[in-house]
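Comments concern the structure below.
The values are calculated or read from the model by the stated rules, or taken from the named source; none is laboratory data. Only a predicted model underlies this, so the values are computations on that prediction, with no experimental measurement involved. Here the Cβ positions follow ideal geometry from the backbone for every residue, glycine too, while neighbour counts run over all protein chains shown. In case anyone asks, the SASA skips ligands and DNA or RNA and just uses the protein heavy atoms, side chains included. Shrake-Rupley method; radii C 1.70, N 1.55, O 1.52, S 1.80 Å.
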There are 2 protein chains.
Amino acid sequence: MSTTQSPRSDTRTRIIAVALELFSEQGYEKTSLREIADRLGVTKAALYYHFKTKDDIVHGIVQTMAAPIDETIAWGEQQQWSPEVRDELIRRFAAGMAERAPLLRFFHENQPALRESSAGLEFKDRMIRMIRLVQGPDASFEDRLRATMALFSINSAFFLLKNDQEGLAQHLVDPGNEAKVHSVHEAMDAALTVATEISGLIKG
Amino acid sequence: MSTTQSPRSDTRTRIIAVALELFSEQGYEKTSLREIADRLGVTKAALYYHFKTKDDIVHGIVQTMAAPIDETIAWGEQQQWSPEVRDELIRRFAAGMAERAPLLRFFHENQPALRESSAGLEFKDRMIRMIRLVQGPDASFEDRLRATMALFSINSAFFLLKNDQEGLAQHLVDPGNEAKVHSVHEAMDAALTVATEISGLIKG
DNA sequence: GTCTATAGGACGATAGAC
DNA sequence: GTCTATCGTCCTATAGAC
């Protein structure tokens, strides 16, 4: 961030932040524009000044949040594939995602709402390109699946973390002595370990 | 199936089938009761004779579809954990899921809608128990993540299959020579291979 | 750039006849 | 067991004043 980004407006930025939070928590459909507006202390009509439709807010979220993934993809598409490049792709993806867990969660949990939206399709394209970069050329179906799981494990680590933090499913019998993790940093370290292991199975 | 199950009624069964299909395709929120009723050639009010609420339909779906998972969990909870038991759990889970891909897809894509519903919580409990059985006792956070990814890979294989069948993302440049797969059987074989590999990383 | 006011429609759910 | 009819609520989105 060497240049000062000029946010199109402060309110616009705040709308995106609040919308992402609420969409992630409760889902796209269950979050009404009234709720977003109330949280910001404005009215619904004000939202419509900044965004043409509800779906357009999603588009704004993707545009502002997905930039690091694009950079990783652009980098990867210039490399000759090798196991080292593959591991570096995973490392960069994980690093970019660490601060962007809400975006991942939002996409993970709102697939139906996003399937028809252009923003959703764009994001899906990004993920498919990332998977292709990781799997390498002439990949078998198994290798495609391994690449998918390697990237997904980044994502899943944050869900496990979140469950641990919320103390979810504490009512279940036999929790055993399983290790919980309590910081984003710990979760990301573990995620990177497992993701690299799984991607190491490619072309095995 | 040695005994003849008496379906509570044929219409009830048909409602569940259609609802599962539509919920999986378009999501829970975007599927209206009118749409389900129309597809069946009945009215909304008829649905309310069989199910108290829209959410109750989800409950019906889970009850009828999740039985094989319960059997696997019950079996697993009686075993002393070992790598062999772990692999057998994955094998049984995959076998049960092969015909039940729509259910997995439904849960994968409707997390927000299901978070507060009792049916959704019940299903989540099932998955947590499966993960705990696979990860074994005294699991590290990494092992928990590995177990999660092993089970998820079954699920993801069906998504890849579905994308291949739909010819999705064909517009993306550089499809390469990646291998596509065209039958559920092939996808399940691959899924089992990868899931076993990943679970083999546990306690590595 | 934000407001009030409201159009206009879809939805889940219920009442009561048959 | 299925119907018609409707209630009450909530929604996205727009028009127009300030």
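By the rule of a C-alpha distance below 17 Å, with chain neighbours fewer than 8 residues away ignored, the aspartates and glutamates paired with A:LYS44 are A:ASP10, A:GLU29, A:GLU35, A:ASP55, A:ASP56.
For chain B, the membrane-span-like helices by this rule, meaning whole DSSP H stretches whose C-alpha atoms cover at least 27 Å of axis and whose Kyte-Doolittle mean is -0.5 or above, are B:141-166; this says nothing about an actual membrane. When chain B is turned onto chain A, the axis of that turn runs closest to one Cβ of chain B, and that residue with its distance in whole Å is B:GLU29, 2. With a/c under 1.5 counting as rounded, go ahead and sort the stretch A:10-63 into rounded, prolate or oblate using the C-alpha gyration tensor (a ≥ b ≥ c being the square roots of the eigenvalues; past the cut-off, prolate if a/b is larger than b/c, else oblate). Because its axes are fairly even, with a/c under 1.5, the stretch A:10-63 counts as rounded.
The Cα center of the stretch A:128-148 and the Cα center of the stretch B:78-143 differ in position by 25 Å. For A:ASP10, the point set 7 Å out from Cα toward Cβ sits 6.7 nm from its twins in the other copies, listed from shortest up. The modelled label-to-label distance for the pair B:ASP10/A:GLN165, using points 7 Å beyond Cα in the direction of Cβ, is 5.3 nm. Using a/c under 1.5 as the rounded threshold, could you call the stretch A:5-110 rounded, prolate or oblate? The axes a ≥ b ≥ c are square roots of the C-alpha gyration tensor eigenvalues, and prolate needs a/b larger than b/c, oblate otherwise. Verdict is prolate for the stretch A:5-110. Note on A:LYS203: lysines with a C-alpha under 28 Å away, same-chain residues under 8 apart excluded, are A:LYS124, B:LYS162, B:LYS180, B:LYS203.
Would you mind working out the accessible area per residue for the protein assembly as shown, using a 1.4 Å probe, and quoting it in Å²? Please report the intermediate quantities before stating the final value.
Working: 19260 Å² over 408 residues.
Per residue, the protein assembly as shown has an accessible area of 47 Å².
Packing, taken as the mean count of other beta carbons within 10 Å per residue, orders the peptides B:123-136, B:42-55 from highest to lowest as B:123-136, B:42-55. Each other copy holds its own label point for A:GLY200; taking that point as 7 Å from Cα along Cα to Cβ, the gaps run 1.3 nm, nearest first. Rounded to the nearest 100 Å², what is the buried accessible area between B and A, both sides summed, probe 1.4 Å? Summing both sides, the interface buries roughly 5100 Å².
For A:TRP75, the point set 7 Å out from Cα toward Cβ sits 4.5 nm from its twins in the other copies, listed from shortest up.
Dipole orientation for the protein assembly as shown: of the candidates B:HIS50, B:GLY136, A:ILE57, B:HIS50 has the Cα lying most toward the positive pole (charges on Cβ; Lys, Arg +1; Asp, Glu -1).
Relative contact order for the stretch B:10-61: 40 percent, from Cα pairs under 8 Å spaced at least 6 residues apart, divided by residue count. The fraction of accessible area contributed by carbon and sulfur in chain B is 52 percent, rounded to a whole number (1.4 Å probe; ligands and nucleic acids excluded).
In terms of its C-alpha gyration tensor, chain A comes out oblate, because a/c is 1.5 or above while a/b does not outweigh b/c. Label zone (B:VAL42, point 7 Å along Cα-to-C-beta; backbone nitrogen cut-off 16 Å) within the stretch B:55-71: B:55-61.
So what is the calculated 222 nm ellipticity per residue for chain B, using -39500 (n - 2.57) for each DSSP H run with n of 4 or more, over all residues, to the nearest 500 deg cm²/dmol?
Details: 11 runs with 145 residues, N = 204.
Roughly -22500 deg cm²/dmol at 222 nm, from the helical runs in chain B.
Looking only at other chains, what is the average number of their beta-carbon atoms within 10 angstrom of each beta-carbon in A:124-133?
Values: counts 4, 4, 0, 1, 5, 4, 0, 2, 7, 1.
For peptide A:124-133, the averaged partner shielding equals 3.
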